[in-house]
Amino acid sequence: MASFADMNGHRASGYSAEAQPDRTEMRLLVIEDDRDAADYLVKAFREVGHVADQANDGEEGLVMALDGDYDVLVVDRMLPKRDGLAVIGTLREKGKHTPALILSALGQVDDRVKGLRAGGDDYLSKPYSFSELLARAEVLARRGGSRGEETVYRVADLTLDRLSHMVMRGKEEILLQPREFRLLEYLMKHAGQVVTRTMLLENVWDYHFDPQTNVIDVHISRLRSKIDKGFSQPLLHTVRGAGYMIRDGAR
Amino acid sequence: MTALGKLFRTTTFKLTLVYLSVFALFAAFLLGYFALNTRRLITEQITDTVNAEITGLSEQYRQGGISRLITVVDARARRPGSSLYLVTTFNGDALAGNVGSLSPGVLDSPGWSETKYKRLEETDTTGHDALVRVFQLPGGFRLLVGRDLDERERLYHIIVSAGRWSIAIVLVLGVIGGVFVTRRVLRRVDAMTETTQTIMAGNLTGRLPVAGTGDELDRLALNLNEMLERIEALMAGLQEVSDNIAHDLKTPLTRLRNRAEEALRSATDESDYRAALEQTLDESDSLIRTFNALLMIARAESGHARDGMAEFDAAEIARDIGELYEPVAEEKGISLKIEAAAPAPVRGNRELVSQALANLVDNAIKYGGPERANGAPAQIVVRAINDGERILLSVGDSGTGIPEAERPRVVERFVRLEQSRSQPGSGLGLSLVAAVARLHGGELKLEDNAPGLRSVIALPRGGPVHSPG
């Protein structure tokens, strides 16, 4: 079996070479009863520089999640001994608030709502791509960071003021439509991190279905033409096979 | 189970038996009461008459002595009737009267008694019953006055035997009626059971027999038939889904497998393998998409998604979806207009309605472009209208449209018209829209936009009306 890195080849570390996300090492716990799937995930996380442990049933997962100091839990919805939602529920009851991402084969809207209500922080339906899972896990791990409370986001010479809704690139004001503003706001909130198309669709548009056409790409290219066009240094990068990222390329 | 045993075990038969015994008991009680009271009444009448006669006769005795009494008694005894008279000396010798013999000891006990007697002229051995009163006269004479009881007994027996017979007839008729009714009911229930068995054996087209009398069994049968109708429709849907899954998933799966096989056989360097793997990933992504769409349709059709319904503004959805697709349309040289200023509140599943509208807009962009016949730029209009009772979400394009004859067909799953085969897509878009509309108690209408196609999702404002049953 080819390793994850081999499979992606030129997408070193899972992403394209031109724009590397700011990656700080994460500690993950994968709670998944399918050993092959768990092995694959642990290996793939390690290859991109994270540390991942695995638990193969609900009980084991609960004990490890309570004792270990993890940044993110990846929890399968259906587990032997104790199902995924119960594991998260128990953790929350005991005051453990490690961000948890639920993996589910069900994937219907109400299942998703149920998962989030049980204390899950994000939800991904199977089958998923690893780049999607990785992007979501990295966003979850950083969630504890301070970005959410800042009123002004800054990436290089691009600033976005969340209160006055003013966007500046250098000394130039950029006029954005309301939705473009929210798109840029979400991208800048997660500056240095990859955000996928479905994450954008979910968080900027609040839709959980697949729009089939490349609608997000077109919105991104419009936004890009507003914030990057005419500037020598592009900030909004396409991460091949994964999604988009805003970052200061000079760093 | 024997036929008879089955009969006896039925509720109808048991009920019949219970009613029958209650009725028979009541009838027996009533007749018995009637018979006894009649008897008592007759006895009272006899007593009264006898008392009156004794008073009269003793008056005669007081006035004219024994000889007068004998004359009067003789005269009365000779009259026809059921009255009995006897005058005796102190030692029992008969002086006058129409009584030949009596049960022994009757004359010695003054007062009332029932006795056997024979008249003077009678010779047969059996006696008759009589109610008599013996009266002591001064001088040791005894006067006996009585009445024959045959009449009373006859009446009593008539009533009793009439009672017996009628109860017997009631019982017999009741049992026969019970058996008859029970067998009728049993036949219908048996017919129903038989039908349900064939249905359980897999013949879902079977329906329970309805007698047309509108009784409770008919109502039950009609309701069950309605249920069967629904089950059959669901099963047919399921069958269709699995057929479609087989059809539409096997084709790309075959393609995927062939590519992998070909890569294994003929790829020579790493870039060949990579290309093959990337194609495989793309292929599996589109498989997942088709699969998700199928699940979504099945879910919408099962009515399960009704749980998550809430009030939302369809105009806002029209604006949001329009805005989401506007850049894509523009990129293809199509202008997308949104006409949804007035609020259009509707009850339903926001996510599903959004997806349905997105599918229509997606279709309009794919097939409604790129240019009108007269060279004017293509246009798509997304509209939300509140016509009072319904909310109409429509997407009109200026493309080639769909010929009227083909319109009903395109809503079916996996149907893609010849000219659209070159475009990517699962062929499930419109069936999902139709399923979502039906879920909300509405419909999907395809109309002529002159030129182009106008697809309209019509939703009742209050959401689906839950049909009973």
Residues whose modelled amide H sits under 5 Å from the amide H of A:I102, counting only those 5 or more places away in sequence or on another chain, are A:V75, A:D121, A:D122, A:Y123, A:L124
Note on the range B:240-302: contact order normalised by length, alpha-carbon pairs under 8 Å, 6 or more apart, percent, works out to 46
In degrees, nearest 10, the alpha-carbon axis of helix A:35-47 is tilted away from the dominant principal axis of the alpha carbons of chain A by 40
Chain B: relative contact order from alpha carbon pairs under 8 Å, six or more residues apart, as a whole percent, is 10
Simple spin-label estimate for B:S335/B:F291, 7 Å along Cα→Cβ, in nm, reads 4.4
Sequence order, the range B:22-32: Karplus ³J(HN,Hα) from phi using 6.51 cos²θ - 1.76 cosθ + 1.60, θ = phi - 60°, Hz rounded, Gly and Pro as x, gives 4, 5, 5, 4, 5, 4, 4, 4, 4, 5, x
If one compares the long axis through the Cα atoms of helix A:178-189 with the longest principal axis of the Cα atoms of chain A, the angle in degrees, nearest 10, works out at 60
Mean-square fluctuation maximum in Gaussian network of chain A, Cα pairs under 10 Å, restricted to A:D210, A:D34, A:D157, hits A:D210
With a Förster distance of 51 angstrom and the Cβ-Cβ distance between A:A86 and B:D215, calculated FRET efficiency to the nearest 0.05 equals 0.45
Within the range B:346-361, the residues whose backbone N lies under 12 Å from a label point placed 7 Å from the Cα of B:A310 along the Cα-to-Cβ direction are B:348-351
Under the 7 Å Cα-to-Cβ spin-label approximation, B:L41 and B:T11 lie apart by a distance in nanometres of 4.5
Among A:M166, A:M78, A:M26, the residue with the largest mean-square fluctuation in a Gaussian network model of chain A built from Cα contacts under 10 Å is A:M166
Computed ³J(HN,Hα) along the range A:51-61: with the Karplus parameters 6.51/-1.76/1.60, θ = phi - 60°, integer Hz and x for glycine or proline, the list is 10, 10, 10, 10, 10, 10, 8, x, 4, 4, x
Phi angles of the range A:216-229, converted by Karplus (6.51 cos²θ - 1.76 cosθ + 1.60, θ = phi - 60°) into ³J(HN,Hα) in whole Hz with x for Gly and Pro, give 5, 4, 5, 4, 5, 5, 5, 4, 4, 5, 7, 9, 10, 5
Per the rule of 0.36 nm per residue minus the C-alpha distance, extending B:V22 to B:K445 adds in nm 145.7 nm
Taking Cα atoms, the helix B:314-331 axis meets the longest principal axis of chain B at an angle in degrees (rounded to 10) of 30
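Can you tell me the FRET efficiency between B:N51 and B:L30 if r is taken as the Cβ-Cβ distance and R0 is 45 Å, rounded to the nearest 0.05?
On the way: r = 32 Å, r/R0 = 0.70.
Using R0 = 45 Å, I get an efficiency of 0.90.
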Relative contact order as a percentage, the range B:165-227, C-alpha pairs under 8 Å and 6+ apart, gives 21
Too long for a 25 Å Cα-Cα cut-off, among A:K126/A:K226; A:K171/A:K226; A:K126/B:K366; B:K337/B:K366; B:K337/B:K445, are A:K126/A:K226; A:K126/B:K366
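Run the helix sum for chain A: -39,500 (n - 2.57) per DSSP H stretch of 4+ residues, divided by residue count, reported at 222 nm to the nearest 500 deg cm²/dmol. List each step's numbers first, then the result.
Details: 9 runs with 94 residues, N = 251.
Value at 222 nm, helices only: -11000 deg cm²/dmol.
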Checking rank on B:38-48, B:448-458, with mean other Cβ inside 10 Å and highest first, the result is B:448-458, B:38-48
So B:D387 and B:T71, fully extended at 0.36 nm per residue minus their Cα-Cα distance, gain in nm 102.0 nm
Per its Cα gyration tensor (rounded if a/c is under 1.5, else prolate when a/b beats b/c, else oblate), chain A is best filed as prolate
Per the protein assembly as shown, sqrt(5λ) over the Cα gyration tensor eigenvalues, sorted largest first, in Å, gives 106, 31, 26
For the B:M200, A:M64 Cβ pair and Förster radius 51 Å, calculated FRET efficiency rounded to 0.05 is 0.55
Candidates A:G192, A:G95, A:G84; GNM for chain A (alpha-carbon contacts under 10 Å) flags as most fluctuating A:G95
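Based solely on its DSSP helices, what 222 nm [θ] is calculated for chain B when runs of n ≥ 4 H residues each add -39,500 (n - 2.57) and the sum is averaged over all residues, nearest 500 deg cm²/dmol?
It comes out at -20000 deg cm²/dmol, rounded to the nearest 500.
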Two pseudo-spin positions, 7 Å from Cα along C-beta at B:S103 and at B:S284, lie apart in nanometres by 11.3
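No value in this document is a laboratory result; all are computed from the given coordinates. Not measured: the values here are computed from a predicted model. Cβ atoms come from the backbone with ideal geometry, glycine included; neighbour counts cover every protein chain shown.
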